[in-house]
Amino acid sequence: MDYVISMLGPLSNGALVTLKLFFITLALSVPLGLALALARISRFKALARFVEAYIWLMRGTPLMLQLLFIYFALPFVPVIGVRLPDFPSAVVAFALNYAAYFAEIFRAGIQSVDRGQYEGAKVLGLSYSQTMRRIVLPQMVRTILPPVSNETITLVKDTSLIYVLALNDLLRAARGIVQRDFTTTPFVVAAAFYLLMTLVLTWGFNRLEKRYAKYDA
């Protein structure tokens with residue numbers, strides 16, 4: 001037991017890095033995903049096609065490859081040529097990747113709203129932006145909660161990919177102790193950390209789903 005307690009400090013520090021990346025990614029990818037979803041269903045065909053291609057690219061290539069590209073290859077891209085530090089590289093890769101996934105979830109949620117809602121809003125004299133803000137998006141939330149919950153929980157686990165950039169996240173901290181002490185106990189403790197994070201998220205989303213289910217009743 002003393003051994004487990006002794007490793008809680010390094011693993012907690014690693015968990016803070018994991019949580020920092022998690023929250024920053026959510027803060028950036030959710031609004032960006034919503035903007036992409038609105039652009040995806042836009043009447044401007046060129047914009048819609050561009051966003052469709054972007055989503056296809058980000059969803060069709062591994063997140064780890066995107067991490068490596070942004071960190072190692074971006075400095076050599078003509079015109080751009082920007083070299084980002086390790087953590088900002090991870091933030092950019094995760095935000096761009098998850099924005100694509102959230103965009104498709106939001107698009108499906110928006111398009112699930114009955115067309116009659118749009119017609120009713122038009123009769124009331126609401127503009128497109130007012131219709132979206134007051135009528136469509138609030139109804140969309142009920143539909144997208146389950147898939148958003150899944151993506152958010154997946155994000156917690158995907159943060160472990162930043163080990164390729166040598167960032168000292170939870171998994172890397174556990175692996176360092178394993179290599180030092182030749183025991184797999186740190187992996188078990190790290191798994192408990194991940195399970196606790198996903199448990200909190202699952203509980204939170206379940207509460208939200210129950211709350212919105214009351215309005216459907």
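The values are calculated or read from the model by the stated rules, or taken from the named source; none is laboratory data. Quick caveat: nothing in here was measured; it's all calculated off a predicted structure. Heads up, the Cβs are rebuilt from the backbone with ideal geometry, glycines too, and the neighbour counts pull from every protein chain shown. All accessible areas refer to the heavy atoms of the entire protein, side chains included, with ligands and DNA or RNA removed. Shrake-Rupley method; radii C 1.70, N 1.55, O 1.52, S 1.80 Å.
Between residue 80 and residue 209, what FRET efficiency comes out of the Förster formula 1/(1 + (r/R0)^6) with R0 = 30 Å and r the beta carbon distance, rounded to 0.05?
0.15
Leaving out ligands and nucleic acids, and using a 1.4 Å probe, what accessible area per residue does the chain come to in Å²?
Value for the chain: 58 Å² per residue.
Rounding to the nearest 10 and keeping the result within 0 to 90°, find how far the Cα-based axis of helix 86-111 lies from the longest principal axis of the chain.
30 degrees
In vacuo Debye scattering of the stretch 1-117, one point per C-alpha: log10 I(q)/I(0) at q = 0.18, 0.21, 0.22 Å⁻¹?
-0.98, -1.16, -1.21
Computed from the coordinates I sent, Cα extents along the principal axes in Å equals one of (i) 63, 38, 33; (ii) 70, 52, 22; (iii) 86, 47, 20. Tell me the label.
Matching the structure shown: (ii).
Could you compute the FRET efficiency for residue 61 and residue 24, with r as their C-beta to C-beta distance and R0 at 25 Å, rounded to 0.05?
Calculated transfer efficiency: 0.70.
Among 180-188, 7-15, 128-136, 95-103, how do they line up by average Cβ neighbours within 10 Å per residue, starting with the highest? Write down the numbers at each step before the final one.
Details: 180-188: 12.7, 7-15: 16.8, 128-136: 14.7, 95-103: 21.9.
Order by mean packing, descending: 95-103, 7-15, 128-136, 180-188.
Roughly how many debye, to the nearest 20, is the charge dipole of the stretch 30-170 about its Cα centre, given +1 on each Lys and Arg Cβ, -1 on each Asp and Glu Cβ, and no other charges? Intermediate results must be reported in sequence, preceding the final value.
On the way: 13 positive and 8 negative charges, 121 e Å.
Rounded to the nearest 20 debye, it is 580 debye.
Rounding to the nearest 10 and keeping the result within 0 to 90°, find how far the Cα-based axis of helix 137-158 lies from the longest principal axis of the chain.
With both axes taken from Cα atoms, the answer is about 20 degrees.
Could you work out the relative contact order of the stretch 101-185, using alpha carbon pairs under 8 angstrom and six or more residues apart, expressed as a whole percent?
Reported relative contact order: 27 percent.
Hey, what angle do you get for helix 45-60 against the long axis of the chain, alpha-carbon based, 0 to 90 degrees rounded to 10?
Once rounded, one gets 30 degrees.
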